[in-house]
Amino acid sequence: MARPLRRRPWDLPERSVTPASLVFDRRSALGGLALLGGSLVVGSAAALPRNPRYSVDDRPITEERLAARYNNFFEFGSHKQIWKAAEALTTRPWTIRIEGLVEKELTLDLDALLAKVSLEERVYRLRCVEAWSMVIPWTGFPMAELVALARPLGSAKYVEMKSFFDPKVAPNQRAFWFPWPYTEGLTIEEATNELAFLATGAYGKPLPRSMGAPLRLAVPWKYGFKSIKSIVSFRFTEQRPRTFWEEVAGDEYGFWANVHPNVPHPRWSQEMEQPLGESEKIPTRIFNGYGEWVAHLYPDPSDPVYFR
Ligand SMILES: Nc1nc2c(c(=O)[nH]1)N[C@H]1C(S)=C(S)[C@@H](COP(=O)(O)O)O[C@H]1N2
Ligand SMILES: [Mo]
């Protein structure tokens, strides 16, 4: 494909190669693992096969320490150094609500949910609207599996997701000018697109709290703010949900937020991005390079409305 990569200290061999014996096989490998039960499933993330369909060949994986210590997680502060504060979040037990326009509303323990899905590893790009980016090996499961478990009614068009709300643990949730809890949304078509992924781990380990433990979304064709962290509920709706950032600054951060180099943010260009840990900026790609998977989801993929 692209130029061979310069080897960097963080390019550990197990991150760059998928041994043939580990090639993705849902039925045998994952079926067995899922049966082992909750914490074990998460704890054994390192053993999960990397799905070779989702790889990034032209850029190195971001150094783990950078990914875990340079974050946007506004519940813990309106700056990047929240990783220590985020350690205060208790991530087990963790309850997930599935509600709204579904056959039967459900409250279930996260570990019980994880026992029902097939975990795998995928390497995805992440492009923040602020023009920095990363490449992350996530472990988790396709969001389509959660939607299938939820059994939405025919009238459901969207899924709204919310993060936890606990101002005792997350100090910035006392800032009343933010519309807590953090809320995001997708259309059902987006949520069931094969790329939409719910992550429980990264770098072969359980997800650090700074990165959205115990359950966060990864929708790599959209700006990073769509990838909501520490999710507690999935609500199926007929109306388009109003998101956290639309509420804060709707003229700058919209519902669709698909990545596009030629649709500038009102205050800066989106043409280039700074990969964390690299010295050079690189050009940003339409749909963050995932157009092949998702361009068909948007009736007119040249309409700027889809890109902010
Ligand atoms: N609950 C919650 N989810 C969130 C955010 C947040 O502040 N709160 N920030 C978003 C933004 S702006 C980005 S770029 C990504 C950052 O993910 P990372 O810190 O794992 O890189 O998380 C997104 N998810
Ligand atoms: Mo972001």
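The values are calculated or read from the model by the stated rules, or taken from the named source; none is laboratory data. Only a predicted model underlies this, so the values are computations on that prediction, with no experimental measurement involved. Note that each Cβ is placed from the backbone with ideal geometry, even for glycine, and that neighbours are counted across all protein chains shown. Just so you know, the surface numbers come from the protein's heavy atoms only, side chains and all, with ligands and any DNA or RNA stripped out. Shrake-Rupley method; radii C 1.70, N 1.55, O 1.52, S 1.80 Å.
Some observations on this one:
- Here Lys157 is the anchor, and the aspartates and glutamates within straight C-alpha reach of less than 20 Å, apart from those fewer than 8 places off in the same chain, are Glu99, Glu103, Glu105, Glu145, Glu184, Glu189, Glu190, Glu194, Glu238, Glu246, Asp300.
- With a Förster radius of 45 Å applied to the beta-carbon distance between Trp268 and Val169, the computed FRET efficiency rounds to 0.85.
- Label-point separation, Lys80 to Gln239 (7 Å along Cα→Cβ), nm: 3.8 nm
- With the highest mean first, a sort of the peptides 230-237, 173-180, 160-167 on other beta-carbon atoms found within 10 angstrom per residue produces 230-237, 160-167, 173-180.
- Arg97-Ala249 FRET efficiency (beta carbon distance; Förster radius 22 Å; 0.05 resolution): 0.20
- Cβ crowding within 10 Å averaged over residues, with 300-307, 222-229 ranked highest first: 222-229, 300-307
- Annotation: amide H of Ser233 within the under-5 Å range of Arg97, Lys162, sequence separation 5 or more or interchain, hydrogens built in the peptide plane.
- Over region 150-209, equivalent-ellipsoid semi-axes from the Cα gyration tensor in Å: 26, 20, 9
- For Lys80, the lysines whose Cα comes closer than 22 Å to its Cα, not counting residues fewer than 8 places off in the same chain, are Lys162, Lys168, Lys205, Lys222, Lys226, Lys229, Lys281.
- R0 of 51 Å, Cβ-Cβ distance Ala88-Ser279: FRET efficiency to nearest 0.05: 0.90
- Label sites at Phe178 and Thr107, each approximated as a point 7 angstrom past Cα along Cα to Cβ, lie 2.6 nm apart.
- In units of the compact-protein estimate 2.2 N^0.38 Å, region 49-307 shows a Cα radius of gyration of 0.94.
- Region 84-122 residues near the modelled Ile188 label - backbone nitrogen below 12 Å, point 7 Å along Cα→Cβ: 101-103
- J(HN,Hα) series, region 172-177, from Karplus relation 6.51 cos²θ - 1.76 cosθ + 1.60, nearest Hz, glycine and proline x: 6, 6, 7, 6, 6, 7
- Whole-percent carbon and sulfur share, accessible surface of region 169-228, 1.4 Å: 60 percent
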